[in-house]
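Here the structure comes first, spelled out in structure tokens, and everything after it is commentary.
The values are calculated or read from the model by the stated rules, or taken from the named source; none is laboratory data. Predicted model, so just to flag it, every value in this text is computed and none were measured. Remember, those area values only see protein heavy atoms, side chains included, never the ligands or the DNA or RNA. Shrake-Rupley method; radii C 1.70, N 1.55, O 1.52, S 1.80 Å.
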Amino acid sequence: MLKHSSISAADLISPDPHPFKWRMGVKPLNLEQWLLVDQERDTDLEEIGQLIDAHRDEIIYCEPSAYEGCDELSIEVLQHLQQIDHLKTLKIDQQEGQAPIETIRRVVQEDLCLLERRPEGWTMTACAVAIPTQWDVPSKYGKTLDVIHEPVPRYDTDLSQPMGTFFDRLRPEAPVWRANRTLTDDPNLRLAPQRRHHPMRDDITINNVADRVWLRVEYQTLRRLPQSDVIIFTIRILRQNIASVADHPEKLTQLVSSLTKMPNDIRDYKDSTWGHAQLIRQWALSTGRVTKEELNES
């Protein structure tokens, strides 16, 4: 029987390679932790439903070729969630005017992307991304993995070929997960893309950064569905302010050490995260939460 999720943002902190290199960093997925359910489910789904109603064209995309995969995904989602006591009678009922991917999105806390293998590469043919982390969802509709990741520095050298090969070889019986992190002063679920390069707020200081800045982690999973042969990419947002992360000293040290070693081109791409990381480093050192020796060793 599945239980409420106990995974936190801090749990998913891990050190980056040094020198820096993008990597998929996938790990085997225990299917019990495919879709995470926690105490915020009802609140999250109410907010997500309102976001879809208000911004459907910016959130929902579904090509006819994706319908078969959506049908299979719907079955998998129900089988997963109905293992939880209070969701045993959960149904997924498509309403008039809803794309299949939207109907599924309204019962899970995860954003969903469906990818199909086409001659030009793995292509996103359906998605329901209501709570992105500062990326422009409509610009990715119907695009291949390479086009989707074009803005990412070093993607072509570090990830393009390995990612395509990985997707080709992903097997239904071997799902995986990975994590991606951001620092932000915005605790909301939906982070608009225009916030990515905003300057750091001048009212955030060394004295309040631990309370005002959040570690935002995307818990991402990849599953290949056996009947439709599509790949399902899920993105669950986990948030924790830095004061709470600091309750886990080893994780705080890993976070600060990795983020403050980012090379210049990655700093430019993740400039808000870089700016917040510098302030968090000062706070952590000044309060004795970490030492320079620990940062150098991690």
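Here are the numbers for the structure shown:
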| item | result |
| --- | --- |
| Karplus (6.51, -1.76, 1.60) ³J(HN,Hα), θ = phi - 60°, over segment 254-267, in Hz, Gly and Pro reported as x | 4, 4, 5, 4, 5, 5, 7, 9, 4, x, 4, 5, 6, 4 |
| Per residue convex hull volume, Cα atoms of segment 151-252, in Å³ | 156 |
| Debye log10 I(q)/I(0) for segment 24-73, one point scatterer per Cα, at q = 0.14 Å⁻¹ | -0.65 |
| Whole-percent pair-distance distribution, where bins are 5 Å wide, for the alpha carbons of segment 104-208 | 2, 9, 16, 20, 21, 14, 8, 5, 3, 1, 0 |
| Inter-part distance where segment 21-36 and segment 207-255 are each reduced to a Cα centre, Å | 11 |
| Probe 1.4 Å - accessible area at Asp11, Å² to nearest ten | 80 |
| The chain: angle of helix 41-59 to the longest principal axis, Cα-based, in degrees nearest 10 | 80 |
| Met200 accessible area, assembled protein chains, probe 1.4 Å, Å² | 80 |
| DSSP-defined beta bridges in the chain - what % are antiparallel, rounded to 5 | 95 |
| Where His55, His18 fall by accessible area, highest first, once all protein chains stay in place (1.4 Å) | His18, His55 |
| Extension reserve of the Val152-Gln79 stretch, reckoned as 0.36 nm per residue once the Cα distance is removed | 22.7 nm |
| Solvent-accessible area, 1.4 Å probe, carbon plus sulfur percent, for the chain | 47 |
| Accessible surface, the chain, averaged per residue in Å² (probe 1.4 Å) | 48 |
| Relative pair counts by distance (%), Cα atoms of the chain, 5 Å bins | 1, 5, 11, 15, 18, 17, 14, 10, 6, 3, 1, 0, 0 |
| With DNA, RNA and ligands ignored, accessible area of Lys292 (1.4 Å probe; Å², nearest 10) | 120 |
| Segment 1-84: translational diffusion in µm²/s, Stokes-Einstein, Kirkwood Rh over Cα pairs, 37 °C, 0.692 mPa s | 201 |
